[in-house]
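Read through the structure below, which is laid out as structure tokens, and then see the notes.
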Amino acid sequence: MNAEVLIAGAGPTGLTAAIELARRGVAVRIVDRADQFSVGSRGDGMQPRTQEVLEDLGVLDQIRQSGIGAPLMRMYAGDEVTWEGRMAEPVDPRPDVPYPNAWFVPQWRTEQILRERLADLGVRVELSTALVGFEQDATTGVTATLERDGGAEVVRVSYLVGADGGRSVVRKTLGISFVGETDEQVRMLLADVRTDGLNHDLGHGWMLDDGRAFFGFTPLASGPDHYVIATQGVAGEEPDLSLDYLQRTLEKASGRTDIRLHDLTWITLWRPNIRMAERFRDGRVFLAGDAAHVHPPTGGQGLNTGIQDGYNLGWKLAAVLGGAPAELLDSYEAERVPVAEQVLGVSTTLLKKHLDGDADANQRGEETQQLGLSYRQGPLAVDDRSNATGLVAGDRAPDAPCLDADGRPVRLFELFVGPHWTLLRFGSAAPDNSAVESYEIGSGIFDAYGHAARAYDVPAGTSVLVRPDGYVGLVTSSAATLEAYLGRVIAMEPELSDPGRTVSA
Ligand SMILES: Cc1cc2nc3c(=O)[nH]c(=O)nc-3n(C[C@H](O)[C@H](O)[C@H](O)COP(=O)(O)OP(=O)(O)OC[C@H]3O[C@@H](n4cnc5c(N)ncnc54)[C@H](O)[C@@H]3O)c2cc1C
């Protein structure tokens with residue numbers, strides 16, 4: 001089968017986009033120039049909004065089984081405890097927010113879970129396969145050159161997604177500037193190790209160099225003695241990327257020799273790189289994830305933002321390939337550029353707090369959870385009401401526990417799972433449309449506890465159209481407005497769709 005979409009890069013961004021395309025029946029290839037899958041814990045902080053995305057992708061159970069909540073961190077002087085606390089205190093789930101706390105899963109494991117989901121959909125990552133160049137024409141497609149084992153393959157596709165990381169070949173080939181800075185003054189050594197002599201239920205840290213540097217262990221869910229180490233290293237010394245260097249630095253910081261490090265599986269010297277591409281699209285070629293924006297890890301946002309880029313782009317590409325108007329693709333950049341700007345602002349502010357040694361530098365609040373990110377100002381947000389106060393079109397569609405016609409519990413998020421648009425009709429007078437999955441709240445779905453009414457807060461006779469990526473697209477009481485809106489975002493004429501395409505949730 002010839003691919004309709006080529007994805008360069010099989011990190012979390014490319015994998016998410018690939019799943020979104022494959023589960024809509026789009027022929028997709030995903031290539032990675034690496035000869036083996038990545039092993040580092042890297043982006044291990046899974047934000048609440050990302051957990052919701054992963055529920056829709058069908059992998060949240062594996063993610064939950066493979067992770068842990070934010071551990072309690074202890075600081076010591078030698079073996080005396082001097083401080084303890086958490087990045088954020090865990091809070092209880094709410095009807096509208098089922099996963100309110102960050103969840104920590106090593107990135108290599110998240111990628112493995114996404115790859116398995118993609119394989120279930122019939123698509124395998126092609127390793128040792130690098131995108132080395134491409135050309136596009138405005139109307140028909142992209143001709144890309146792949147290199148594998150010294151040989152070249154020329155591929156013709158309708159669209160190319162550059163999910164090829166911070167050094168993106170796709171971005172460079174398009175000549176798109178990556179505006180921002182790399183701070184050579186700041187560094188952090190990160191390493192995945194196994195450690196004897198520490199309580200794995202906790203994080204542990206010591207100060208170095210009279211408080212100017214830090215040596216910390218955060219437990220990893222991958223094993224009972226697995227930790228990620230973070231340290232700036234000893235001032236004035238060029239850090240050596242070795243287990244021996246880490247052991248010596250630990251002993252210097254803690255004064256203890258009973259904590260033994262072994263089995264180093266990943267180590268990197270990280271410098272803050274804060275950059276954003278000037279554009280996320282050029283014709284039939286899109287940039288997503290780190291290829292489009294790179295973040296300091298302070299906010300735990302990079303992987304999360306990349307997954308959501310892939311999630312935003314995947315359904316749109318599939319819709320346009322299925323016959324929806326091509327203008328739908330303009331909304332990718334219009335929606336994701338402001339989000340990337342906002343998220344970069346958050347993680348940069350947190351990095352500054354770290355560098356300034358602010359007392360609350362390790363505290364995380366709602367700004368990092370990505371639940372409040374909205375596409376209100378984007379081209380797909382249409383709201384009939386002039387005086388709406390709470391939820392409006394463009395916002396994340398909240399969850400709400402309800403009951404089905406047999407009195408069984410059903411959450412709105414369960415209705416959203418899958419590749420479709422969902423119409424929530426509040427009252428029998430609300431407009432309906434057979435092109436989408438439609439539910440009447442009050443008949444078929446019962447808002448027995450009032451959660452849906454509270455979260456959506458719309459008058460009877462209103463329909464709320466929820467996009468495939470879980471944002472409110474339209475709020476209307478007009479059937480004509482609903483039909484016109486759907487004409488912009490899905491293939492309305494059956495003969496325009498590919499009849500051979502199958503869809504799996
Ligand atoms: C030390 C560290 C800590 C981090 N901590 C966090 C955190 O706590 N939370 C968080 O959200 N994020 C964190 N991040 C960021 C997170 O790891 C990245 O944002 C995330 O990996 C981006 O995913 P991606 O798929 O866009 O790119 P990547 O994961 O970089 O994947 C890009 C892929 O493209 C491949 N590739 C490159 N060029 C080509 C080519 N020409 N052809 C084919 N394939 C190619 C690469 O081999 C790679 O597999 C951290 C990153 C680092 C380095």
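The values are calculated or read from the model by the stated rules, or taken from the named source; none is laboratory data. Remember, it's a predicted structure, so these values are computed and weren't measured experimentally. Cβ coordinates were reconstructed from backbone atoms using ideal geometry, including for glycine residues, and neighbour counts include every protein chain displayed. Surface areas here come from the heavy atoms of the whole protein model, side chains and all, with no ligands, DNA or RNA. Shrake-Rupley method; radii C 1.70, N 1.55, O 1.52, S 1.80 Å.
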Q) Of the residues that sit in the range 157-198 and are free of Cβ contacts under 8 Å to residues at least 60 places away in the same chain and within 14 Å of the ligand (Cβ to nearest atom), which one is farthest from ALA144 (Cα to Cα)? A) ARG167
Q. Taking the stated definitions as given, is GLU237 farther than 30 Å from GLU4 by Cα and either open to solvent by 30 Å² or more (accessible area, probe 1.4 Å) or in the same structural domain as ARG281 (by TED's automatic domain parsing) (or both)?
A. yes
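Out of ARG271, ARG284, which single residue is within 12 Å of the ligand (Cβ to nearest atom) and open to solvent by 20 Å² or more (accessible area, probe 1.4 Å)?
ARG271
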Q: Answer yes or no as to whether ARG64 is surrounded by fewer than 20 Cβ atoms within 10 Å (Cβ to Cβ), touching a residue at least 24 places away in the same chain (Cβ under 8 Å) and in contact with an Asp or Glu (Cβ under 6 Å, 6 or more places away or on another chain).
A: no
**Q.** Failed item in (1) open to solvent by 40 Å² or more (accessible area, probe 1.4 Å); (2) among the β-branched types (Val, Ile, Thr); (3) touching a residue at least 40 places away in the same chain (Cβ under 8 Å), with VAL53 passing the rest
**A.** (1)
Q: From ARG33, ARG42, grab the single residue that is within 13 Å of the ligand (Cβ to nearest atom) and at pLDDT below 95.
A: ARG42
(Q) Of the residues ALA277, ALA235, only one is over 28 Å from ILE68 (Cα atoms), over 19 Å from the mean Cα position of the chain (by Cα) and among the aliphatic types (A, V, I, L, M); which? (A) ALA235
Q | All positions within the range 319-343 that are assigned to a helix (DSSP H, G or I) and open to solvent by 10 Å² or more (accessible area, probe 1.4 Å) | A | ALA319, VAL320, LEU321, ALA326, GLU327, ASP330, GLU333, ALA334, VAL337, PRO338, GLU341, GLN342
(Q) Among the residues of the range 377-413, what is the count of those that are touching a helix residue (DSSP H, G or I) at 6+ places or on another chain (Cβ under 9 Å) and open to solvent by 50 Å² or more (accessible area, probe 1.4 Å)? (A) 3
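Going by the conditions given, is LEU303 over 24 Å from ALA491 (Cβ atoms), open to solvent by 10 Å² or more (accessible area, probe 1.4 Å) and within 13 Å of the ligand (Cβ to nearest atom)? Even if it seems obvious, please write down each step before you answer.
Values: over 24 Å from ALA491 (Cβ atoms): yes; open to solvent by 10 Å² or more (accessible area, probe 1.4 Å): yes; within 13 Å of the ligand (Cβ to nearest atom): yes.
Taking the combined requirement at face value, the residue satisfies it.
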(Q) I'd like the residue in the range 364-375 that is surrounded by 15 or more Cβ atoms within 10 Å (Cβ to Cβ) and of a type outside the set (A, V, I, L, M) and, out of all such residues, is modelled with the lowest pLDDT. (A) ARG364
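Is the range 21-28 home to any residue that is within 16 Å of the ligand (Cβ to nearest atom) and either modelled with pLDDT under 95 or assigned by TED's automatic domain parsing to the domain that holds GLY289 (or both)? Full working, then the answer.
The first filter runs over the range 21-28 and keeps only residues within 16 Å of the ligand (Cβ to nearest atom), leaving 21, 28.
After this cut, where a residue has to be either modelled with pLDDT under 95 or assigned by TED's automatic domain parsing to the domain that holds GLY289 (or both) as well, the list is 21, 28.
Yes, the range 21-28 has at least one match.
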Q: Take LEU72 and decide whether it is more than 22 Å from the chain's Cα centre (by Cα) and either within 21 Å of ALA221 (Cα to Cα) or of a type in the set (Phe, Trp, Tyr) (or both).
A: yes
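Being without any contact (Cβ under 8 Å) to a residue 40 or more places away in the chain, among the β-branched types (Val, Ile, Thr) and either in the same structural domain as VAL28 (by TED's automatic domain parsing) or open to solvent by 80 Å² or more (accessible area, probe 1.4 Å) (or both) narrows it down to one residue among VAL142, VAL123, VAL154; which is it?
On the way: VAL142 fails: without any contact (Cβ under 8 Å) to a residue 40 or more places away in the chain; VAL123 fails: without any contact (Cβ under 8 Å) to a residue 40 or more places away in the chain.
Of the residues listed, the single one that is without any contact (Cβ under 8 Å) to a residue 40 or more places away in the chain, among the β-branched types (Val, Ile, Thr) and either in the same structural domain as VAL28 (by TED's automatic domain parsing) or open to solvent by 80 Å² or more (accessible area, probe 1.4 Å) (or both) is VAL154.
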